[in-house]
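Taken together, the values in this text are just the output of simple stated rules run on the coordinates, not laboratory data. All values derive from a computational prediction rather than experimental measurement. Counting neighbours? That spans all protein chains shown, and the Cβs are built from the backbone with ideal geometry, glycine included.
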Amino acid sequence: MSLIHTLARLEAVESGRAQPLAMVRHRHLAARPLVFVPLTTAGEAGAPLGALVGSDRERPRLLVVPQPRDRDLRFAFLADLAEEVLPYVDSFAEDTEPAEQSKTDPETGKRVKVEVELCADAPQLIVPSRAGVDFVRLLGRSMRFRRTAEQDPDTPYPAPARVPLLGRWLTHFAERARVPGSTLIAAMTELLARHWATGQSSLEDQHLGALLAWIDPPGGDAGAEAARRAETARDAGGQLLCPPAGPATDPAFDNKLLAPAIERYDRARTALAAADDGPSADHRLAELTAAEREIGALVESRTRPTWDAVWHGLDLLNDLPEGERAAERWTRDRWSYTGHRDRVLAGEPPQPRRDDAVTAANKLAARETAQARLEAQEALDDPLVMAARRLSGEAFAGEVTEVVMAYSESKRPSPRPLVTLRTDDGPHLAERAKVYRSLAGKPQSAQFVGYDEEGGVVLRIMDKMGRGKEPDEGSVPEKGDQVTWTLFEHAPRGGPSLPEPEDTPWTHGGPPGTGAEAPDPVTSEDTL
Amino acid sequence: MSSADPRTHGADAPFDPSAEAARATAAILHDTLHGEARGVVVDSPPGAGKSTLVVNAARELAAAGRPLMVVAQTNAQVDDLVLRLAEKEPDLPVGRLHSSDADPYDKALDDLEHVRKSTKASDLAGLDVVISTAAKWAHVSGVEPWRHAIVDEAYQMRSDALLAVAGLFERALFVGDPGQLDPFAIVGSEQWAGLSYDPSASAVSTLLAHNPSLPQHRLPVSWRLPASAAPLVSDAFYPYTRFRSGTGHGDRSLSFGVPSDGGGPDRVLDEAAASGWGLLELPARHTPRTDPEAVRAVAAVVRRLLDRGGATVSERSPDPVPLTADRIAVGTAHRDQAAAVRAALAELAVSGVTVDTANRLQGREYDVTVVLHPLSGRPDATAFHLETGRLCVLASRHRHACIVVARAGIADLLDDHPSTEPVQLGVTVKFPDGWEANHAVLSHLSEHRVPWQP
Amino acid sequence: MTALRQRLAELRGPAVPAKALDARALAALAANPGCRRRALLDGAGVDKSALAQALGSPSGFGQSQFAFVRGNAFEAKVKADGGAELLRLVHAHLGGGPEPTTGAPDGDPAAVRTPDLAAAGPEGRAARTALALREASGTRAWTLLDHPMLALDVAGSPAFLEPDAVVVHPDGHWTVVEIKSFPMIDGAADAAKVGSAARQAAVYALALQQVAGHLDPAPPVHHRVLLVCPKDFSNQPTAAVMDVRKQLSVTKRQLGRLTRIEDIADALPEGTTFDVERPAAELTEAVESVPAAYAPECLAACELAFHCRERARGDGEVTALGRSVRGELGALTAVEDVLAAARGTAGDPDDPAVAALRRAAGLRAEALAAAGGDTAC
């Protein structure tokens, strides 16, 4: 944690309120996000208990699995979830704009520009916490290899029609979540923690209720007290007043409320199955419906507070102006969405269980580039972020005290003016280090020459001064200007291109096997 | 495993380091030149003659008429190899493939007649040996594969970097030190943990996971570390691949022309001169990284080292050689600590002493090193500060003596360190871990402790 | 040691039986070994959950009955048919003999023995287990010990530990088996859960080493432990090997340090007791008399964490915000002192920590002012 961040937390402790960590919003937020608040069953891998889902904050759709161990009920839940999520995801597929993409020409092997479609906007999933993203990944994994009766008439326990497709989309969202700066899917706790420093630890910040209590305490209470209440306060029945944001539930809820309700449901179902005449069946059906409704009410009572908290968080975040370069990252999310749309349309198989060597290396390289880009862009968009980089010696700001014209020693001399900067910062400048500043949104580079007698930093401007002998108007800082230079690149490039998977070298096991992966074997005992 | 194992020698069998090392080298060169396997892996502990091996292998491969590419990890390593190769065999046509950045290579290469430099691999086609960094090689495409490659510092190379260059060669010799700092990624890579080709793992672990039958050798003798250091470094950091020092206890000595003034720095210098190790222990205190007292203590030790007219005797020369600034290095964990030590040395008018972080000291060698202990003054031990490789690098750069400066209390800090690491299935456990290695080194250092209140 | 036992019994309170140390508690010793409060309370066998309740800061730990039922059902499934599936997994991952065949005749190395370990009381069961282990080591066949009982010497008192299973291989090796109900999906599992399983397994392996140490020659105890979990989304068992050398060495060292509880106990005021029957104020005082080392990680590992957190916050300890926070603060440990140093109202400007704080505060204020922000929101 940077010292500036630490200081912000300590100020939050002192003031009892969260303190800003950012002056702008560094993540794009969609105008119409889809909020998903799932709950899972303790002890089971990916057995959902229920969820609230939707893009209308007033009217979430409640989905419930009254007996999570029942495969048919789980499938019904997943089919309902697909019915909510897929139309939303698809609604961004049609509206496209022309764009250019560089591709390798299969005949010449050269990189060529091709015109492609880019979706004008993309879906955005918001879940309460990091655990919610993990749950989305788990659901995606559990569904994408399922077979429907249409795909395979012989499959035992066929999945409802759209469930495998939902699995592929959820997998895509969850995988995209690993790309720094991406918001195709976002966890509310992480969005908030990026923008505010609370007076508690980052571990405690993972509790959405406690985090919001610091940022916007109800009734103007002190943050610590409000957060403590959100974490631990219980009603007379021993239930948490602010239920955990899930997907895991509180054991007290499971044991005292949910388990008896599920038991009633099971009994009602057994009774219904055993009903031998119409009237008693009617009666027992009513009992079953009541039991089902009870579980529904329980699930809603544990998800609705979280649902409201997520929207509250969105309100708070939307009050911040969006950082200038956040749009550029959202465009990459749109590319990601468009790409997956195309793969689905092209009938490609679901994402494999584990990446092959080349895919893994490509993903790692892309994420490292994204991380470097994110750090650079956030600093350029936000003086508070830049302040932390200045403190760590990765950037410096100051006033220009002298500009001396100089030229390169080539046949056609180009301007290489020497600029001296007075700064209080302590940049870690190595000999001939390259530094950058933002000039009309584009990076201009300079070389560190040395320090003058008064400790001023002398830089030689290297580019972005036009083609003439004299630098273009405004392309060289002037005496008295306040300028910020960074030691990091503003637009870090990606790594080298890797071989195609079919050319995987012997050091990495050679080419991977081809063909789609087999579905998970199903047994009568499967929990999902 | 065809390399000689020093442990197989009985206690009374005389250990002949030169013969052992020669045997290992011969076996390595044999497998490289005449073996069937596509790869040969060589583990080289600190100062075991890795660079010499690389140069010898390159010359032999060139002599056998096999075009060779050499992959190193940094430009400094590449330039160093080019210089060593030219020194041994000035007529050998060598290509130095470099980037198009400013100052892409050491200017000393311009003086070498048979070394051609270019940014394009095609310009260097046909030369016996072409050397570059892994990063630069990764951009080479559309060329005939080389029949042979040498991959240097292969344990510090990431698996994905090897993936990017492995298509350029048919077979390769992989050389490196498994005890130094592991490569890392700046983003999480847990999703690939346990996969044989985890892109964030080291190139060697991927290579061996896919080709477990490749011949693996190790160089059994450290020519750098003195007899006082090899057992500790070997036990603490290489418990399963032990090595010995090439020199005996009487072969090296460090002495001072000026007697001790009785102060802490002088006493620790005398201890280090006598035993090869010294721990200058300052009173326990929690401090920021650039602990001014510790930094000043490091500078004072270096100042006294020079002032007292240090002289070394070693197998290289029977006559005492003055210990000069260029034979001394200061090692730290962090860059700001290195900067603070440099400033403190400048205040004492010391120049010419190398001051750098463990990362940058990898592969380098000095007569005497002064180390600011990574855990000195820390309120908490972190994975970074506990990393086995960091301590190993710092404790294994010296030919004569290593002096560690630290606040008291590191043992308690280690004992109080929470041990709650996550465990990834399928990932080979690196053993010993930093916690254990730190305890081992500390307990050895405590026998050479000089408490000092500056 | 009896004096210490007597002292610890006094600390628990009269007539309060010691809460037995189980493997989970022993493994947790390594979670925050710097905390004297935890070391003493655990060492004395104080029920921390009850203590937290009595102090007015209940822990909130609990287990869902769904997880409990599922865990038991899975373990039963793994051990069904005389442990056939379990032994198949042990053999497939660790070898050590021919493929086990339940029902093979005695004397056949593929035969599987499942000795009855029933006995009265933990001491009896531990003795029975030790006997069964000794017998098994001579048979050169597979032996499955279902819920054996192992005694481990902890600071002079025996702790009784009950691993899910121990397997003796025909080649004489002993292996600890951990059965967990979290899934292994595509060969990977939650690394935090695997980590805690590994620490727990290391405690069993250590106890097993002690038992082995009483035999001559001592049978080798695998430092590779078998973790059995449900595969993917099914109820089918699958397994992976965990190398617990590191956890073993940490556990050994921390158990060795437990002897210091005597010193901790000696430093307490006369008459100190953690008997939950005492009034809350008195209990609070007693707890406060043992220094704690609270960090946010305690919230997931110690029943007393909420109590300690309130205290740490009340005292303005910066570590309440996370252990890493202290990294750059040097000798400053209190929120108030750090802020005063940052604002220039206290602290030595030549101290690099103070200087860095002032620079940080200046840069932060400058950025907030530049953006028109208001710190006092």
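Packing, taken as the mean count of other beta carbons within 10 Å per residue, orders the peptides B:206-217, C:214-225, B:66-77 from highest to lowest as B:66-77, B:206-217, C:214-225. Longer than 32 Å from Cα to Cα, which of A:LYS103/B:LYS50; A:LYS113/A:LYS363; C:LYS19/C:LYS193; A:LYS110/A:LYS363 are they? Say none if no pair is. Listed pairs above 32 Å: A:LYS103/B:LYS50. Helix B:434-445 axis versus longest C-alpha principal axis of chain B: approximately 50°, rounded to the nearest ten. For peptide B:188-198, the mean count of partner chain Cβ atoms within 10 Å of a residue's Cβ comes to 6.
Taking Cα atoms only, the orientation of helix B:75-88 departs from the longest principal axis of chain B by about 70 degrees.
Highest mean first, the peptides B:359-368, A:57-66, B:151-160 sorted by other C-beta atoms within 10 Å per residue fall in the order B:151-160, B:359-368, A:57-66. Each Lys and Arg Cβ is given +1 and each Asp and Glu Cβ -1; about its Cα centre, chain C then shows a dipole of about 420 debye. Computed over the alpha carbons of segment C:329-371, Rg followed by Dmax gives 10.5, 33 Å. For segment A:400-428, the residues whose amide N sits under 18 Å from a probe point set 7 Å from the Cα of A:GLU470 along the beta carbon direction are A:403-408, A:413-418. Peptide B:371-384 shows a mean partner chain C-beta count of 2 within 10 Å per residue C-beta. According to the calculation over all Cα-Cα pairs in chain C, the P(r) per 10 Å bin from zero is 5, 19, 25, 21, 16, 9, 4, 1, 0 %.
Only beta bridges with both residues in the protein assembly as shown are counted; by DSSP, about 55 percent of them are antiparallel. Counting only aspartates and glutamates at least 8 places from A:LYS479 when in the same chain, those with an alpha carbon closer than 15 Å to its own are A:GLU399, A:GLU402. Shown for chain A are the DSSP H helices of 15 Å or more along their axis, judged by Cα atoms, with a mean Kyte-Doolittle hydropathy of at least 0.5: A:3-15.
Antiparallel beta bridges, as assigned by DSSP with both residues in chain B, represent about 15 percent of the total such bridges.
A cut-off of 5 Å between modelled amide H atoms, ignoring neighbours fewer than 5 places along the same chain, links A:LEU118 with A:GLU97, A:ALA99.
For a straight C-alpha distance cut-off of 16 angstrom, the aspartates and glutamates reachable from C:LYS231 (same-chain residues fewer than eight places away being disregarded) are A:GLU44, A:ASP520, A:GLU525, A:ASP526, C:GLU75, C:GLU85, C:GLU178, C:ASP186, C:ASP190.
The Stokes-Einstein estimate for the protein assembly as shown, based on a Kirkwood radius over Cα pairs and taken at 10 °C with 1.306 mPa s viscosity, is a diffusion coefficient of 46 µm²/s. Between segment C:198-220 and segment A:59-77, what's the alpha-carbon centroid distance in Å? Using only Cα atoms to place each centre, the spacing works out to 47 Å.
Note the full-extension length gain between A:ALA346 and A:ARG194 as 0.36 nm times their separation in residues minus their Cα-Cα distance, in nm to one decimal.
Contour length minus Cα-Cα distance gives 51.0 nm.
Helix C:121-139 axis versus longest C-alpha principal axis of chain C: approximately 50°, rounded to the nearest ten. Just to confirm my numbers, what's the Cα centroid distance between segment C:9-69 and segment A:271-327 in Å? If we compute the Cα centre of each part, the gap is 37 Å.
With just the Cα atoms defining each centre, how far is segment A:130-159 from segment C:264-286? Give it in Å. Centre-to-centre (Cα) distance: 56 Å.
Since only C:THR333, C:LEU8, C:GLY314 are under comparison, the one whose Cα sits farthest along the positive direction of the charge dipole of chain C, derived from C-beta charges on Lys, Arg, Asp and Glu, is C:THR333. Which aspartates and glutamates, if any, have their Cα less than 12 Å from the Cα of B:LYS136, not counting same-chain residues under 8 positions apart? Filter leaves B:ASP101.
Note that segment A:459-471 has calculated 3J(HN,Hα) couplings of 10, 10, 6, 10, 8, 6, 10, x, 9, x, 6, 9, x Hz, one per residue in order, obtained from phi through the Karplus relation 6.51 cos²θ - 1.76 cosθ + 1.60 (θ = phi - 60°); glycine and proline are x. Judged by the ratio a/c of the largest to the smallest principal axis of the C-alpha gyration tensor, chain B counts as prolate, that ratio being 1.5 or greater while a/b is larger than b/c. Each of B:ASP261 and A:ASP56 was given a label point 7 Å from its Cα along the Cα-to-Cβ line. The distance between the two points is 8.4 nm. The equivalent ellipsoid that matches the C-alpha gyration tensor of chain A spans semi-axes of 52, 31, 17 angstrom, in descending order.
This model, with +1 at the C-beta of Lys and Arg and -1 at the C-beta of Asp and Glu, gives the protein assembly as shown a dipole about its Cα centre of some 1160 debye.
Taken about its Cα centre, segment A:389-528 carries a charge dipole of roughly 1000 debye when the Cβ of each Lys and Arg holds +1 and the Cβ of each Asp and Glu holds -1. Using C-alpha pairs under 8 Å with a sequence gap of at least 6, the mean separation divided by the residue count of chain A gives a relative contact order of 17 percent.
Each DSSP beta bridge with both residues in segment C:65-254 is either parallel or antiparallel, and the antiparallel ones are about 75%. Among residues other than B:ARG289 with Cβ under 9 Å from its Cβ, the summed charge is -2 (Lys and Arg +1, Asp and Glu -1).
Each residue, A:GLU324 and A:ALA120, gets one label point 7 Å from its Cα in the Cβ direction; the gap between the two is 2.6 nm.
Normalised by the number of residues in segment A:324-429, the mean separation of alpha-carbon contacts (under 8 Å, six or more apart) gives a relative contact order of 20 percent. Over segment A:53-142, the Kirkwood radius and the radius of gyration, each from Cα atoms, give a ratio Rg/Rh of 1.15. Take every pair of alpha-carbon atoms less than 8 Å apart whose residues are at least six positions apart; their mean separation over the length of segment A:110-185 yields a relative contact order of 34 percent. A simple spin-label model places pseudo-atoms 7 Å from Cα toward Cβ; at A:THR155 and A:SER2 they are separated by 4.9 nm. The Cα-based radius of gyration of segment B:342-454, divided by its Kirkwood radius, gives an Rg/Rh of 1.00.
The sum of -39500 (n - 2.57) across all DSSP H runs of n ≥ 4, divided by the residue count of chain A, sets its helix-only mean residue ellipticity at 222 nm to -12500 deg cm²/dmol. Comparing A:GLY323, A:SER280, A:ALA357 along the charge dipole axis of segment A:260-376, the residue lying farthest to the positive side is A:ALA357, per the Cβ-charge model.
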